[in-house]
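Here the structure comes first, spelled out in structure tokens, and everything after it is commentary.
Read-outs: derived from the displayed coordinates by stated rules, not from any lab. Everything numeric here is computed off the predicted structure, so don't read it as measured data. All Cβ positions, glycine included, derive from the backbone under ideal geometry; neighbour counts span all protein chains shown.
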Amino acid sequence: MSSRDGAQGVPQHYVSQVEDITDRKTSEGEIRRYTEQLRALSRRDALTGLLTLRAFESAVRDELAALNAGGDPGTLLLVKIDGDSMAVTSAADSLAGGIGDADLSAHLGHGELAVLLANVSARSAPLGRARRSVSCCSERGRASRSTRRRSRFTPGQSHRQESPGCSSSCGASSMLPCRS
């Protein structure tokens, strides 16, 4: 806004310009909202609904930084499903259904699933979760109960189970702080 002064220095007129920016602010808000939606979608796998590889790698980096800053140890479970997308989805559902709120699960691609168990060592980790997710692949292939009952899972070792049209394996590793 500006004023036009008269002969004696007294303002006689005011000149102003007004622009309605409602549409621009609305568009900016929609762009922010769409950007957040895309960011959220890029963190989730379309097949399983679990985290993507990139989102999981970021979470593992954060967990390792916290661990090296004096945090509690964690456990990383890896599961490989060799079967169709239905077998992968079934195993992902089983795996994700058995983890806690602080734990993260991801589909790394090509039938590879991962779980980050925060504040849990491999010795005390509920490793039956991984075995159950591997078993769900076998159940889908109609494996016998006696085969599933004989399978054992030991920290630091892999576990493999096969059935018609589907096979799977899993392993666990502890995340311990670096000692200098």
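Starting from the Cα coordinates of segment 1-98, work out the convex hull volume and express it per residue in Å³.
It is 207 Å³ per residue.
Given the peptides 82-95, 26-39, 46-59, arrange them by the average over their residues of other C-beta atoms within 10 Å, most packed first.
For the peptides 82-95, 26-39, 46-59, the packing ranking is 82-95, 46-59, 26-39.
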